[in-house]
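Below is one structure; the comments refer to it alone.
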Amino acid sequence: MSKLASYAADPAQSRGRKFTESDPQGRNQFQRDRDRIIHSSAFRRLEYKTQVFVNHEGDLFRTRLTHSIEVAQIGRAIARNLNLHEDLVEGIALAHDLGHTPFGHAGQDALNECMREFGGFEHNLQSLRVVDLLEQRYAEFDGLNLTFELREGILKHCSLNNAKTLGDVGKRFINKQQPSLEAQLTNLADEIAYNNHDVDDGLRSGLITLEQLEQVTLFASNLNAVRQQYPTLSGRRLIHETVRRMINALVVDVCQQSQANITKANPANIDEVRINPMLIGFSPEMREQQTELKRFLRANLYQHYRVNRMSAKAQRIVRELFEVFMNDVTLMPDDYQKKGQTDQDKARAVADYIAGMTDRYAIREYQRLFTVAEREL
Ligand code: MG
């Protein structure tokens, strides 16, 4: 870290934690954040939460845990290249999906729908809620008491109404400012990671084919490069050689374009980063290719009828769980019930309980509540 840029986030200059603590020994403030995230129970649950494929469909598909680790890997590579703080990037990457519901976006959409009258449900905000409130491990505070910079990085987007309720981390949405460069780049690392692993998992599942992907510029150009170098290569190795080149091309592009943006804007420090426009980004040509790939994945993978069938089932589970707990909160563990809860409080507690579930826990909970085993009679 000796070359840390003047505009990088500096743990010694952190805006601090909500509850004051003594300085960590032998590690910096951002390392402490990262370490707390790894030891949290929400982090362990990422292993059994879905990205696109439901967890039990196969051992080779990504889960939210492996996704988060891939985001950390890509993010750290970019951070090191740009002389930004790797520990902060790693912490944001490992925490960014902690608030995800079971069953990926299908689960989140269903829960958001259930919560419509009660302020909605948004996974980004929920990730912040997990680290600010829901983790209960420390004697002196709820949550993990992370630094402002880590919390700012988790909150990628947020409605104005919600921003007003969030205090310091909400302010930038009201003032239309940017977060640190570390937060900006982790956001792009997330995008690079999921586009590429969804290509890989999509091919492995057989839901999309190599022939289809040859219509996508970014994939086709890298596939051709592999074929030129290894004319007889086929199968998994051909796919992997293509995907690794895609990731590399995207990372190199982000580093070059962002360095050029930073040099031009010349921010003296992190406060000047915040009042500049977004400085981390792809070149216009690469942004176009990324968009084309995203569009392809949306049409051919995320809306594949077999994925739709799984999503519909997942949404039914989430909706019915929500309904049954809203009607009778005493069916939830004691921690989620409080005396004198308003409907609003009740709905939020139900959402917290459901959002915390892994895919398999939600399925089992559904079975426990809606089916009767013979031995129970
Ligand atoms: Mg993600």
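A short reminder: the numbers here are calculations on the coordinates, not readings from a lab. All values reported here derive from a predicted model rather than from experimental measurement. Neighbour counts are summed over all protein chains in view; Cβ atoms, including those assigned to glycine, are modelled from backbone coordinates with ideal geometry.
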Seminar exercise, completed: Per its Cα gyration tensor (rounded if a/c is under 1.5, else prolate when a/b beats b/c, else oblate), the stretch 91-161 is best filed as prolate
Problem set entry | Highest-first arrangement of 95-108, 294-307, where packing means the average Cβ count within 10 Å | 95-108, 294-307
Exercise. Counting only complete DSSP H runs, which helices of the chain cover 15 Å or more along their long axis at the Cα atoms and score a mean Kyte-Doolittle of -0.5 or above?
Worked result: 64-81, 217-229, 235-265, 305-327
Exercise. Is it possible to state the helix-based mean residue ellipticity at 222 nm for the chain, with each DSSP H run of 4+ residues giving -39500 (n - 2.57), the sum divided by total residues, to the nearest 500 deg cm²/dmol? What is it?
Worked result: -18000 deg cm²/dmol
Problem set entry | Gyration tensor (alpha-carbon) shape descriptor, the stretch 309-376, a/c threshold 1.5 | oblate
Seminar exercise, completed: For 241-248, 78-85, ranked highest to lowest by mean beta-carbon neighbours within 10 Å, the order is 78-85, 241-248
For this session: Convert each backbone phi in the stretch 149-162 into a coupling constant with the Karplus relation 6.51 cos²θ - 1.76 cosθ + 1.60 (shift: θ = phi - 60°), then list the ³J(HN,Hα) values in order as whole Hz, x for Gly and Pro.
Result: 4, 5, 5, 4, x, 5, 7, 6, 9, 5, 6, 4, 4, 5
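Expressed as cubic angstrom per residue, what is the convex hull volume of the alpha carbon set of the chain?
Working: hull volume 62.2 nm³, N = 377.
Convex hull of Cα atoms, per residue: 165 Å³.
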For this session: Rounded to the nearest Å, what's the spacing between the alpha carbon centres of the stretch 349-371 and the stretch 97-166? Just the number, please.
Result: 18 Å
Problem set entry | Net charge contributed by nearby residues that have their C-beta within less than 11 Å of Ser68 (K/R +1, D/E -1) | -2
Exercise. In the Gaussian network model of the chain, springs joining C-alpha atoms below 10 Å, which of Ser41, Ser311, Ser258 carries the largest mean-square fluctuation?
Worked result: Ser41
Exercise. Between the stretch 169-207 and the stretch 27-45, how many Å separate their Cα centres?
Worked result: 20 Å
Problem set entry | the stretch 7-47 - Kirkwood radius from inverse mean 1/r over Cα pairs (Å) | 11.8 Å
Exercise. In debye to the nearest 20, how big a dipole does the stretch 172-325 give about its Cα centre with +1 on each Lys and Arg Cβ and -1 on each Asp and Glu Cβ?
Worked result: 380 debye
For this session: Compute the Cα gyration tensor for the stretch 172-327, then decide on rounded, prolate or oblate, letting a ≥ b ≥ c be the square roots of its eigenvalues: rounded whenever a/c is under 1.5, prolate when a/b is larger than b/c in the other cases, and oblate in all that remain.
Result: oblate
Exercise. Which of Leu88, Leu233, Leu188 moves most in a GNM of the chain, Cα contacts under 10 Å?
Worked result: Leu233
